[in-house]
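The values are calculated or read from the model by the stated rules, or taken from the named source; none is laboratory data. Predicted, not measured: the structure shown is a model, and the values here were computed from it. Methodologically, a virtual Cβ is constructed for each residue, glycine included, from the backbone with ideal geometry; neighbour enumeration extends over all protein chains shown.
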Amino acid sequence: MDHLTDRPAAVGPAYRKPFKKKIYPYLFIMPFAALVLVFFVLPALATVAMSFTDLNASMKPKFVGLENFKRVFADYNLPDILRNTAIFAVLSLAISLLFALVISVATQYFLKGKIAAVVYRVLWLIPSIIPAVVYVTFWKYLFDPTEGGLVNRILLQFGLESDPVSWFSKAAMAIVILATVVSTISGGMILLSAAINSIPEDLYKAAKVDGASEKSVILKIIMPTLKWPLMYITISELIGFVSSYFFIMLLTNGGPMRDTTTLSLYAYQQAFNLKYYGYGAAVSLIVVAISFVLTLLFLRLFDFDEMIKPSRIED
Amino acid sequence: MKKLVLGALGLVLGTGLLAGCSADNEAAEAASSDGKTKQITISVRESTWGARKDNFIEAEKRLNEDLKAEGVQVKIDWWPGIGDDELILQAQAGKVADIFMNSSVDIGWELNAGIIREIDWVKDSAAFKDVPESYTDIMKYDGHYYGAIQDMDASPVFISRQALEGLGWTAAEIDGLRGRVDAGDFTFGDLEQLAEQAKQKKLVKMGFAVEDTRFEGWNYAFGNYNYNAEQNKMVLTGKTKNVYDFWADAVSRGVIDKSIGEIGTDKAAPMFVKGEIFAEFARTEFYQLMREAKGMQEDTEGFDKWFNENVVWIPIPSAEKGGKPVSYSNPAMIYVGPSVDDEKMPYVQKLIEHVLDPDLQINHTLASGKLPVTPEAQEDERFKKLDFYKDHAYLLELTRTRPAQPDYATYTQAYVLGVDAILTKGQTAEQAYELFRKDAQQNVPSDRLLIEP
């Protein structure tokens, strides 16, 4: 052993990566970082800066400190708008998650490998690939307040109503949620279906051999697999719903009165319809803050730390 | 690899740079190839709606004929029409066109944003010398002329003749209705009552319908103008309660349907031609929309015949006996950008004046259904043959436009909120007014709002 220990340690300069190799990753990242900077970071910073000014159509901003934020919290519409935002986001999320889950389990477990399952999933994809304006036109046609509306026509034809119903006056929020949910289900459905598909077939077979019921398979095998996809879908869709305004704007423009005005639509209306850019920016920052808090909350609820912890082989 | 990375980097950055910058290829003046003719380039930003683009192109030709002797030629650089937001952003980037169009209501904010300049030559221009004073008021703001009126419309009330006949009116009574409205003998309340009767007798499905949410005609009928021109402020007045009273009353009597704000003219026109609406409150273009709904775009005479047999139109009657009827409009104005200097302005002026040549105005009327703005244009033979347009052109004397006050949209939003409260929540006129007052006071800057008892 001596000859080994006595041998002088290998000497020579430590390996140093050549500069050009060190720079490669940064060069790869740089174009996209530049795009992110120009199209995400700078607009975000501009929005923050704008929210402390009274910027309007005159484009002569004056620093007003926290005035816009004080105005937001003194706005008599705020409680109603926050309530609308909560109703819209929570119901849209709950319904779309539930449907995505049911469809995924049905098509990827019960009907696995059947052509009907594929067709069914493709059908659910259609609403999400239709351009928003066309999609909204369809819903407007469906609930048109005149006899020309499909729902009214059916009701009148079957004698269920004597006069056309003004659906957007009576049930605007329900229509908005329905239209939103139908177009967003597919996103969750794809992720959940992929997750279910990744479960080894052997597990199902073993469960069957052990006499497990379908309910047990779903609850004990499928559902645990879906925890992380569900976390991702919940957080991303919730942020999407809290900050979404496009469908609502096209369908009801926040009406009747402000019954379907969510916080992000209110921010849009203040900034782009009324040209109070400073105030609109302040409202939009409140939307960002709410989204941020909700994200943290759900990360904790889903035990995100557990997911990112490195896997450990038991002793 | 290095080359690949640098290539990709260069491509992305290069594309960005190319997108962000453009060559300064819009030199306003350039000597032509023969070295003798001076060329002036005038950028014009507008959509192609109606005959707007065609008229500018024709005006360019006519102006160049005029300028031949001076050795100057004008060339239009046509930019596509854009919305207000893009207009603001492009102004920030120094890309305001020399000439562009927008609504008359936009003068206030456009001036504040520095994207228009004064065009006081309008005062002495032969093209505008005979326009009514009300037009001059629209073109002026803060003591200067800032816009040149491009087209105009009025807002007749289109009434179903069949419904009136169903109510027992004779042809003579129907034909005499407009005269009674003009004389202040037939009031807004009378019209509401007729609509209620027609609805009760099931002669129609809807009493009143209105173009989009342009409720200003009903405000004007009640003498509620909401604007103080001297102080350039919106006015919060108790008179609005009277209008809300009408709304609440009309809803309870079934004259106004809850979905009135959702039934735009595109839906109302087919319903009206089928005789389902008693009275449609819309602007001049509704005549054109009815023609389309009847599928008679090419058959002007045939449609006129149908129109005369089935429709009668009146100005919006005053709510008070003996009062003057009213009409409203949202005319388009031609604006001049701030980059036009005094040297270029004469050419810009001449171009705009040619756009307002009588025959070109009528070309636009025929294509768009809008009214011409100068009396000379109304003398055009083609216009005289258009019975409906010719006959209702007198409404322009009664026509008011929305104020150019920058907070008008905010104020109107508050007003419509009150209307919505009556329509969809069954609130009283008093409650609607309180809501309107609260919203307007919160959102319209206090230095731009006049509060009257």
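Take the conditions in a helix (DSSP H, G or I) and not basic (K, R) and apply them to A:V165. Does it pass?
no
Is it the case, given these coordinates, that B:T401 is closer than 30 Å to A:G255 by Cα and buried (at least 19 other Cβ atoms within 10 Å of the Cβ)?
Considered against the rule, which asks whether it is closer than 30 Å to A:G255 by Cα and buried (at least 19 other Cβ atoms within 10 Å of the Cβ), B:T401 comes out as yes.
The conditions are (1) over 23 Å from B:G238 (Cβ atoms); (2) crowded, with 24+ Cβ neighbours inside 10 Å; (3) within 12 Å of chain A (Cβ to nearest Cβ); (4) at pLDDT 90 or above, and B:P406 fails exactly one of them. Which is it?
The number of the failed condition is (4).
May I ask you to verify whether B:T284 is in contact (Cβ under 8 Å) with a residue 40 or more places away in the chain, within 14 Å of another protein chain (Cβ to nearest Cβ) and touching a Phe, Trp or Tyr at 6+ places or on another chain (Cβ under 8 Å)?
Criteria not met by B:T284.
Starting from the range B:57-72, take each residue that is surrounded by 12 or more Cβ atoms within 10 Å (Cβ to Cβ) and list its partners that are outside any helix (DSSP H, G or I) and charged (D, E, K, R), counting only C-beta distances under 9 angstrom and pairs at least six apart or across chains.
Close Cβ pairs (under 9 Å, with a partner that is outside any helix (DSSP H, G or I) and charged (D, E, K, R)) amount to B:E58/B:D357; B:A59/B:D357; B:E60/B:K75; B:R62/B:D357; B:N64/B:K75; B:V72/B:K38.
Which pairs have Cβ atoms under 8 Å, sit 6 or more apart or on different chains, and link a residue in the range A:151-179 that is facing chain B (nearest Cβ under 9 Å) to one that is among the aromatic types (F, W, Y)?
So the pair list comes out as A:W167/A:F143; A:F168/A:F143.
Against the definition (within 25 Å of B:E397 (Cβ to Cβ) and either touching a Ser or Thr at 6+ places or on another chain (Cβ under 9 Å) or surrounded by fewer than 24 Cβ atoms within 10 Å (Cβ to Cβ) (or both)), how does B:G179 come out, yes or no?
yes
List pairs: first in the range B:393-416 and touching a residue at least 24 places away in the same chain (Cβ under 8 Å), second of a type in the set (K, R) and assigned to a strand (DSSP E or B), Cβ under 9 Å, 6+ apart or cross-chain?
B:Q405/B:K233; B:D407/B:K233
I'm told B:K199 meets every condition in (1) of a type outside the set (V, I, T); (2) outside any helix (DSSP H, G or I); (3) in contact (Cβ under 8 Å) with a residue 60 or more places away in the chain; (4) farther than 27 Å from B:Q413 by Cα except one. Can you identify the failing condition by its number?
Unmet condition: (2).
Just checking, does the range B:239-256 include any residue being under 23 Å from the mean Cα position of the chain (by Cα), closer than 27 Å to B:K438 by Cβ, among the aliphatic types (A, V, I, L, M) and surrounded by 22 or more Cβ atoms within 10 Å (Cβ to Cβ)?
The answer is yes; a qualifying residue exists.
Here's the yes/no breakdown for (1) among the small types (G, A, S); (2) farther than 30 Å from B:D357 by Cβ; (3) modelled with pLDDT of 85 or more:
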| site | (1), (2), (3) |
| --- | --- |
| B:G10 | yes, yes, no |
| B:G16 | yes, yes, no |
| B:D24 | no, yes, no |
| B:W49 | no, no, yes |
| B:D66 | no, no, yes |
| B:G71 | yes, no, yes |
| B:V74 | no, no, yes |
| B:W78 | no, no, yes |
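Which residue pairs have Cβ atoms under 6 Å apart, sit 6 or more places apart or on different chains, and have a first residue in the range B:326-340 that is more than 15 Å from B:W218 (Cα to Cα) and a second that is outside any strand (DSSP E or B) and among the charged types (D, E, K, R)?
From the range B:326-340, the pairs are B:A332/B:D151; B:V336/B:R117; B:G337/B:D98; B:P338/B:R117; B:V340/B:D98.
From A:D80, A:D54, grab the single residue that is within 14 Å of another protein chain (Cβ to nearest Cβ), among the acidic types (D, E) and over 26 Å from the mean Cα position of the chain (by Cα).
A:D54 is the lone residue from the list that is within 14 Å of another protein chain (Cβ to nearest Cβ), among the acidic types (D, E) and over 26 Å from the mean Cα position of the chain (by Cα).
Restricting attention to the range B:100-158, which residues are polar (S, T, N, Q), touching a residue at least 60 places away in the same chain (Cβ under 8 Å), outside any loop (DSSP other than H, G, I, E, B) and within 27 Å of B:V326 (Cα to Cα)?
B:N102, B:S103, B:S104, B:S134
Which of the residues spanning the range B:147-182 are closer than 29 Å to B:V122 by Cα and polar (S, T, N, Q)?
Once the filter is applied, which keeps residues that are closer than 29 Å to B:V122 by Cα and polar (S, T, N, Q), the range B:147-182 yields B:Q150, B:S155.
Kindly list the number of the only condition in (1) under 22 Å from the mean Cα position of the chain (by Cα); (2) over 21 Å from B:I40 (Cα atoms); (3) surrounded by 14 or more Cβ atoms within 10 Å (Cβ to Cβ) that fails for B:Q90.
(1)
Quick test of your reading of the structure: B:E165 fulfils all but one of (1) more than 26 Å from B:M333 (Cα to Cα); (2) touching a residue at least 12 places away in the same chain (Cβ under 8 Å); (3) among the charged types (D, E, K, R); (4) in contact with a helix residue (DSSP H, G or I) (Cβ under 8 Å, 6 or more places away or on another chain). Name the failing condition by number.
Of (1) more than 26 Å from B:M333 (Cα to Cα); (2) touching a residue at least 12 places away in the same chain (Cβ under 8 Å); (3) among the charged types (D, E, K, R); (4) in contact with a helix residue (DSSP H, G or I) (Cβ under 8 Å, 6 or more places away or on another chain), only one is false for B:E165: (2).
Being of a type in the set (F, W, Y), away from chain B (no Cβ under 13 Å) and either surrounded by fewer than 12 Cβ atoms within 10 Å (Cβ to Cβ) or touching a helix residue (DSSP H, G or I) at 6+ places or on another chain (Cβ under 9 Å) (or both) is true for just one of A:F40, A:F32, A:F28, A:F73. Which residue is that?
A:F40
Return the residues of the range A:120-136 that are surrounded by 10 or more Cβ atoms within 10 Å (Cβ to Cβ) and not in a helix (DSSP H, G or I); say none if nothing qualifies.
The answer is A:I130, and nothing else.
So B:D391 ticks every box in (1) crowded, with 19+ Cβ neighbours inside 10 Å; (2) within 23 Å of B:A221 (Cβ to Cβ) but one. Which box is left unticked?
B:D391 satisfies every listed condition except (1).
Count, please, the residues in the range B:413-453 that happen to be closer than 28 Å to A:V165 by Cα, among the polar types (S, T, N, Q), part of a helix (DSSP H, G or I) and more than 10 Å from every other protein chain (Cβ to nearest Cβ).
Total meeting the criteria: 1.
Of the residues that make up the range B:42-62, is at least one more than 19 Å from B:V348 (Cα to Cα) and of a type in the set (D, E, K, R)?
No, the range B:42-62 contains no residue that is more than 19 Å from B:V348 (Cα to Cα) and of a type in the set (D, E, K, R).
Yes or no: A:Y232 without any contact (Cβ under 8 Å) to a residue 60 or more places away in the chain, in a helix (DSSP H, G or I) and within 14 Å of another protein chain (Cβ to nearest Cβ)?
The answer is no for A:Y232.
Are any residues in the range B:108-126 over 15 Å from B:M345 (Cβ atoms) and of a type in the set (A, V, I, L, M, F, W, C), and if so, which ones?
The answer is B:W109, B:L111, B:A113, B:I115, B:A126.
Can you find a residue in the range A:197-211 that is within 14 Å of another protein chain (Cβ to nearest Cβ), within 29 Å of the chain's Cα centre (by Cα) and in a loop (DSSP other than H, G, I, E, B)?
Among the residues of the range A:197-211, not one is within 14 Å of another protein chain (Cβ to nearest Cβ), within 29 Å of the chain's Cα centre (by Cα) and in a loop (DSSP other than H, G, I, E, B), which makes the answer no.
Among the residues of the range A:270-309, which ones are within 14 Å of another protein chain (Cβ to nearest Cβ) and either part of a loop (DSSP other than H, G, I, E, B) or farther than 24 Å from A:L42 by Cβ (or both)?
A:N273, A:L274, A:K275, A:Y276
Which of the following residues is modelled with pLDDT of 90 or more and within 14 Å of another protein chain (Cβ to nearest Cβ): B:I116, B:I82?
B:I116
Can you name the condition, by its number, that A:Y109 falls short on among (1) surrounded by fewer than 11 Cβ atoms within 10 Å (Cβ to Cβ); (2) closer than 30 Å to A:L230 by Cβ; (3) in contact (Cβ under 8 Å) with a residue 60 or more places away in the chain?
Among (1) surrounded by fewer than 11 Cβ atoms within 10 Å (Cβ to Cβ); (2) closer than 30 Å to A:L230 by Cβ; (3) in contact (Cβ under 8 Å) with a residue 60 or more places away in the chain, the lone unmet condition for A:Y109 is (1).
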